[in-house]
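Scroll down for the structure; my scribbles are underneath it.
The values are calculated or read from the model by the stated rules, or taken from the named source; none is laboratory data. What you are looking at is a predicted structure, and each value in this text was computed from that prediction instead of being measured. We place every Cβ from the backbone using ideal geometry, glycine too, and count neighbours over all the protein chains shown. Side chains included, ligands, DNA and RNA excluded: accessible areas come from the protein's heavy atoms. Shrake-Rupley method; radii C 1.70, N 1.55, O 1.52, S 1.80 Å.
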Amino acid sequence: MSNYHTYIATPVGVLKLIATEKGLAAVLWENDDATRVTLSEGMRFDEHPVLVETAIQLQEYFAKKRKVFDLPLDFTGTAFQQQIWQQLLKIPYGETRSYGDLAREIANEKSVRAVGGANGKNPISIIAPCHRVIGTSGKLTGFAGGLKNKAFLLALERSQTQPTLWDEE
């Protein structure tokens, strides 16, 4: 099976998108650690349908016109990592969870460190929203895209979910 990639410019830098025949396999950061996600980028194919749709949906997200992504995903990782990445997909837009919360959600409270490790290896950043996972204290913790970008993504989402004085109750 072949992989295909393209690049898109976003408010958080240039992202590399990688797709397989099954779906989106990775959203990688401009200065991503090459050992974090060991997935072949394959050949560049800017017109690959999954890559085109991903680019459209990410641009809508950054324009505050999309809160939920609708893309076929092709995660590659261990069974535990995939379990955690599926939990990430359940975190609602504008909300956060701690590593402990995720460990409890999979009924394995002692797996907090492993949850953190799996979160850090998430290959499909932003779409599988690992940026919504924070420390128990509420502090921002490690993020492949950098803490500045994590704060940006959380602020982008909060700006769409916080009530204002003009919102009706």
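Scanning segment 123-146 for residues that are in contact (Cβ under 8 Å) with a residue 40 or more places away in the chain and touching a helix residue (DSSP H, G or I) at 6+ places or on another chain (Cβ under 6 Å) yields a count of 4.
For segment 150-164, the condition holds for no residue, the condition being that it is modelled with pLDDT of 90 or more, open to solvent by 70 Å² or more (accessible area, probe 1.4 Å), of a type in the set (Val, Ile, Thr) and outside any helix (DSSP H, G or I). Listed by first and then second residue, the pairs linking a residue in segment 11-22 that is free of Cβ contacts under 8 Å to residues at least 24 places away in the same chain to a residue that is buried (at least 21 other Cβ atoms within 10 Å of the Cβ) and charged (D, E, K, R), with Cβ atoms under 6 Å apart and 6 or more places separating them unless they lie on different chains, form an empty list.
Residues that are within 16 Å of ASN3 (Cα to Cα), open to solvent by less than 20 Å² (accessible area, probe 1.4 Å) and in contact with a helix residue (DSSP H, G or I) (Cβ under 9 Å, 6 or more places away or on another chain) within segment 49-72 are absent altogether. When the residues of segment 92-112 are filtered to those that are in a helix (DSSP H, G or I) and at pLDDT below 90, the one that is least open to solvent (accessible area, probe 1.4 Å) is SER111. Being in contact (Cβ under 8 Å) with a residue 24 or more places away in the chain and open to solvent by less than 20 Å² (accessible area, probe 1.4 Å): is that true of TYR4 here? The answer is no for TYR4.
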